[in-house]
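Each remark here refers to the structure printed beneath this line.
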């Protein structure tokens, strides 16, 4: 209750105050991305909103996805499911993360379907005494989550003991979705495991193995669902921050902590109201860029907790003007894909680190 009141107070203040930082989420691009995967016509598309919707915000994404009415929204935790229901009270949720089994008795199973990967979970759910829909997670070769092949006989035997457990689906995950050879090995293994469970008496409505890239490489026609995550957000997220101070820095003078980087020429340096707390990766110190009036300018010196400096050279920017830290679209020095390359990481990490407290808006 306290948390709901606090969120309400913060939301009210967010409406009153002009934010220094604003994450924009393009409704048009989200819908276009979703429909692209639907048009592949391989099966149902279930949007993945884990990790605060890959940084885009669960609340914002629910408002956009409402018009699509997907069968399931996929999240990692029950806390994320609760956030979905703040915006979509009747939405069915597939929870693909792990949980403490003692928490199962607190869960609303009318709207929640669980990923299950341990016999102990089956036994605990069987004792609850109310209908529970589950998707059994199988290890098809990634060696992360899921039941191994030698556990399948016991899995089927245990599951059949409890009539309240509905094995609605069976799922797995691809280790290297872009490699057709690896995909073929995994999907063959997955189907073989599914057939063994079916032979032992279990029935499934949905089979799902692939995520975003898997939509392009998974070919088995029994796969009826695709969980689309990063592909849903491709080019759809932007981040605008604010210049809060401008000063002329002389040639040879350093900027920021430890004066780690010095000016090659006299130039105007703008202080930006965003740092690693807000989600600017510290590896972009002296390496990254911002976009201002359609031109790119380099980050100079070390990124601090709540601010960073940008070398605007001969251009004197205005205090309180906006700069783009992340630009909309798939290309450009400030695109998520390029930022990931500059940090020698993946786009998932760049987006997931965007502070959930930053204001999000649908654009």
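The values are calculated or read from the model by the stated rules, or taken from the named source; none is laboratory data. Note that this is a predicted model, so its numbers are computed, not measured. With ideal geometry, Cβ positions are generated from the backbone for all residues, glycine too; neighbour counts draw on all protein chains shown.
Of 320, 296, 292, which residue is touching a strand residue (DSSP E or B) at 6+ places or on another chain (Cβ under 7 Å), in the same structural domain as residue 350 (by TED's automatic domain parsing), modelled with pLDDT of 95 or more and closer than 17 Å to residue 337 by Cα?
Values: 320 fails: closer than 17 Å to residue 337 by Cα; 292 fails: closer than 17 Å to residue 337 by Cα.
None of the other options fit; the residue is 296.
Scanning the range 27-66 for residues that are in contact with a helix residue (DSSP H, G or I) (Cβ under 9 Å, 6 or more places away or on another chain) and farther than 26 Å from residue 209 by Cα gives 27, 59, 60, 63. Reported count of residues in the range 70-114, each being under 18 Å from the mean Cα position of the chain (by Cα) and in a loop (DSSP other than H, G, I, E, B), is 7.
Would you be able to tell me the number of residues in the range 323-337 that are under 16 Å from residue 285 (Cβ atoms) and surrounded by fewer than 19 Cβ atoms within 10 Å (Cβ to Cβ)?
Quick first cut of the range 323-337, residues under 16 Å from residue 285 (Cβ atoms) only: 325, 333-334.
Okay, now just the ones that are also surrounded by fewer than 19 Cβ atoms within 10 Å (Cβ to Cβ), so 333.
The number of residues fulfilling the criteria is 1.
Taking the criterion of being part of a loop (DSSP other than H, G, I, E, B), at pLDDT 95 or above and in contact with a strand residue (DSSP E or B) (Cβ under 7 Å, 6 or more places away or on another chain), the residues of the range 20-46 that qualify are 20, 21.
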